[in-house]
Amino acid sequence: MRLEQKKAIVTGGAGGIGRATAKALAAEGAAVAVVDLDGEAAEAVAAEIRDAGFTAIAVRADVSIEPDIERVVATTVAEFGGVDVVFNNAGIIRRTTAVETTVEEWDRVFGVNVRSIFLMCKHVVPVMAAAGGGSIVNTGSGWGLKGGGQAISYCASKGAVVNMTRALAIDHGPQGIRVNSVNPGDVNTGMLRDEAGQLGQDADAFLAEAADRPLRRMGEPHEIASAVVWLASDESSYVTGSALVIDGGGIA
Ligand code: NAI
């Protein structure tokens, strides 16, 4: 029980990586607020955690909207008594080049992937600082470090996540708050199937291509979750500002 007495927020908690991480944090003793745009699916994940004997609530929210984020933080504090851990993980992808991307799509991707993290930190850092510290983990992407094809807004947004993580670590380290990013390669979630659809490709062929890396398979959500648990826990007490790559050995 590496997270006993800890209180955690997981955004995108109804999706592949978020659900696995919410369950993993809870299994280590954390009380978890499962936050998602899909309120019913978030409630299902929270119920699953409670049925396993752990503590969770669900909060429906659009993480790109400031009043929603304020409500997420206030609800978590009211229900659990504080916030020690935040996993800023909600994200969307648009598989388009700059020429194909509309301004509205660009703004939506940045709203969900980037502004959300700024807003969460704006409202949760004072809570953490008053309690003596905390751990924030942001979901970047291998493509936030290396770039990738036909995903201009996504690559730009994830690059922003990686560098925003470093800037947050610099600003809030003196308050005892550690901030790190996890940067997955292809992980077996609904997002990959959605990408295949956006590109007009067969999902099975798309997933097979995702396995073309040294470990010869794509990642599973629990393999990201275990890294987030470590970054959330005191086992990583001297780690901040880092960009942890979890990609089975490199993606082009
Ligand atoms: P997913 O699609 O299974 O989960 C994303 C979740 O975010 C969904 O439950 C969705 O409802 C929620 N969400 C979307 N917009 C939201 C909003 N405005 N407010 C609140 N919730 C919202 O996808 P997955 O793979 O679990 O993605 C999680 C994170 O991992 C994302 O940030 C994604 O960019 C990142 N990632 C995923 C990779 C993959 O191969 N699956 C690779 C690299 C990064």
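The values are calculated or read from the model by the stated rules, or taken from the named source; none is laboratory data. This is a predicted model, so every value here is computed, not measured. Counting neighbours? That spans all protein chains shown, and the Cβs are built from the backbone with ideal geometry, glycine included. Heads up: the accessible areas ignore ligands, DNA and RNA and are worked out on the full protein's heavy atoms, side chains in. Shrake-Rupley method; radii C 1.70, N 1.55, O 1.52, S 1.80 Å.
Give me the percent of DSSP beta bridges within the chain that run antiparallel, rounded to the nearest 5. List each step's numbers first, then the result.
On the way: 0 of 28 bridges.
If I count the DSSP bridges inside the chain, around 0 percent turn out antiparallel.
Other residues lying with their Cβ under 13 Å from the Cβ of MET218 contribute a combined charge of -4, Lys and Arg counting +1, Asp and Glu -1. Here the relative contact order of region 100-252, from alpha carbon pairs under 8 Å that lie six or more residues apart, stands at 27 percent. Between the helical axis of 116-130 and the longest alpha-carbon principal axis of the chain there is an angle of about 20 degrees. The C-alpha atoms of the chain define a longest principal axis, and helix 221-232 lies at about 40 degrees to it. Per-residue accessible area (protein heavy atoms, 1.4 Å probe) orders ASP212, ASP84 as ASP212, ASP84, starting from the largest. Placing R0 at 45 angstrom, the Cβ-Cβ distance between ASP38 and MET1 gives a FRET efficiency of 0.95 after rounding to 0.05.
The Cα atoms of region 1-59 cover 29, 19, 17 Å along the three principal axes, with the biggest extent listed first.
Trypsin sites (Lys or Arg not before Pro) within region 85-120: which are DSSP loop residues with at most 15 other Cβ atoms inside 10 Å? Write down the numbers at each step before the final one.
Details: sites: ARG94, ARG95, ARG108, ARG115; in loops: ARG94, ARG95.
In loop regions of region 85-120 (DSSP not H, G, I, E or B), there are no sparsely surrounded trypsin sites (Lys or Arg not before Pro).
Centre-to-centre separation between the Cα atoms of region 1-43 and those of region 179-252: 18 Å. Considering only Cα atoms, the convex hull volume of region 9-96 works out to 87 Å³ per residue.
Shape summary of region 176-252, radius of gyration then Dmax from alpha carbon positions: 14.8, 47 Å.
Extension gain, ASN163 to GLU223: 0.36 nm times the residue separation minus the Cα-Cα distance gives 19.3 nm.
Around SER181, what is the net charge, scoring Lys/Arg as +1 and Asp/Glu as -1 over all other residues with Cβ under 12 Å from its Cβ?
Details: positive: LYS158, ARG166, ARG178; negative: none.
Net local charge, SER181 excluded: +3.
On the principal axes of its alpha carbon atoms, region 38-145 extends 48, 32, 27 Å, with the longest extent given first.
Please compute, over every Cα-Cα pair in region 133-202, the percentage with a separation greater than 21 angstrom. Let's see the in-between values first.
Numbers: 856 of 2415 pairs.
Here the tail beyond 21 Å accounts for 35 percent of pairs.
How far, in nm, would the chain grow between GLU100 and ALA131 when pulled straight, counting 0.36 nm per residue and subtracting the alpha carbon separation?
6.5 nm
If you take the square roots of the eigenvalues of the alpha-carbon gyration tensor of region 100-252 and sort them as a ≥ b ≥ c, do you get rounded (a/c under 1.5), prolate (a/b over b/c) or oblate? Oblate is the answer for region 100-252, as a/c is 1.5 or above yet b/c matches or exceeds a/b.
Mind ranking LYS146, LYS6 by accessible surface for me, highest first, 1.4 Å probe? Before the final figure, lay out the partial values.
Values: LYS146 115, LYS6 60 Å².
Result of the area sort, largest leading: LYS146, LYS6.
Calculated [222 nm] ellipticity per residue, helices only, for the chain: -14500 deg cm²/dmol; basis is -39500 (n - 2.57) per DSSP H run with n ≥ 4, divided by all residues, nearest 500. Modelled this way, with points 7 Å down the Cα-to-C-beta line, the labels at ILE65 and ASP171 are 2.4 nm from one another.
Could you tell me the relative contact order of region 19-127? Use alpha-carbon pairs under 8 Å, at least six residues apart, and round to a whole percent.
Over region 19-127, the number comes to 23 percent.
Ordered from longest to shortest, the equivalent ellipsoid semi-axes for region 99-158 are 29, 14, 5 Å, each the square root of 5 times a Cα gyration tensor eigenvalue.
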